[in-house]
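Novice: Would you mind keeping the following structure in view while I ask a few things?
The values are calculated or read from the model by the stated rules, or taken from the named source; none is laboratory data. Just so we're clear, the structure is a prediction, and the values are computed from it rather than from any experiment. Here Cβ is always computed from backbone atoms with ideal geometry, including for glycine, and neighbour counts include all displayed protein chains. Note: accessible area is taken over every heavy atom of the protein model, side chains too, but ligands, DNA and RNA are not part of it. Shrake-Rupley method; radii C 1.70, N 1.55, O 1.52, S 1.80 Å.
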Amino acid sequence: MGEFLNAAVGFPTMLFTAALIVVAGFWLLVLCGVAERDEFDSDVDAEALHLDVVPVSVAASLFVAVGWMLSMAGSLLLDRAGLPGFLSRLLSTALLVVTPLLSWLVTRRLVRPLSKLFPDEPGLSRQDVVSLSGPPERDRSAATGSRRAPAPVRRGR
């Protein structure tokens with residue numbers, strides 16, 4: 001376990017570990033409903049990277065996860081090889097350069113099958129659902145005057 005943790009917080013994997021923590025935090029916010037999975041689609045030109053078939057957040061998450069796994073595997077292999085200091089540092093630096101390139105290639109291959117899960121026509125967002133139910137009504141029972149969505153109207157068949 002110590003070898004794993006040392007590799008995760010050592011050079012060059014630490015860069016991907018930090019990014020993986022950010023990705024995990026983002027998806028936690030998505031699960032809590034604070035953020036949307038397509039939050040960054042208008043900010044990034046994913047078409048230039050050939051990753052435009054899925055939301056940017058999905059492609060970036062895959063890129064970081066694959067990069068972290070490749071960097072961890074490379075770091076663990078370098079640690080176990082028992083190379084002298086200079087050669088080990090040189091190969092670690094090479095790993096830092098090669099890992100993002102390999103991660104991008106793998107991510108490009110992985111997003112193609114995922115494109116079926118993300119249609120071009122977006123579904124309803126939370127804001128659309130709230131606006132479709134009509135304007136919020138005043139909650140007469142609450143002393144604070146808070147607003148709530150109206151109860152759904154049931155129609156007979």
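Novice: Return a yes/no flag: does the range 49-57 have any residue that is modelled with pLDDT of 90 or more and either surrounded by 11 or more Cβ atoms within 10 Å (Cβ to Cβ) or in contact with a Gly (Cβ under 8 Å, 6 or more places away or on another chain) (or both).
Specialist: No, because not a single residue in the range 49-57 is modelled with pLDDT of 90 or more and either surrounded by 11 or more Cβ atoms within 10 Å (Cβ to Cβ) or in contact with a Gly (Cβ under 8 Å, 6 or more places away or on another chain) (or both).
Novice: How do the pairs read when you match residues in the range 80-101 that are at pLDDT 90 or above with residues anywhere that are of a type in the set (S, T, N, Q) and part of a helix (DSSP H, G or I), using Cβ under 8 Å and keeping only pairs 6 or more apart or on different chains?
Specialist: Matching pairs, first to second residue: LEU95/SER71; LEU95/SER75; LEU96/SER71; THR99/SER71.
Novice: Considering every residue within the range 13-31, establish whether at least one is in contact with a Lys or Arg (Cβ under 7 Å, 6 or more places away or on another chain) and at pLDDT 85 or above.
Specialist: Yes, because at least one residue in the range 13-31 is in contact with a Lys or Arg (Cβ under 7 Å, 6 or more places away or on another chain) and at pLDDT 85 or above.
Novice: Same structure, new question: Test GLU36 against the criterion of being at pLDDT below 90, in contact with a helix residue (DSSP H, G or I) (Cβ under 8 Å, 6 or more places away or on another chain) and under 27 Å from LEU114 (Cβ atoms), and give yes or no.
Specialist: yes
Novice: Also, I was wondering about something else. Output the residues belonging to the range 5-18 that are under 16 Å from the mean Cα position of the chain (by Cα) and either open to solvent by less than 30 Å² (accessible area, probe 1.4 Å) or aromatic (Phe, Trp, Tyr) (or both).
Specialist: PHE16, THR17
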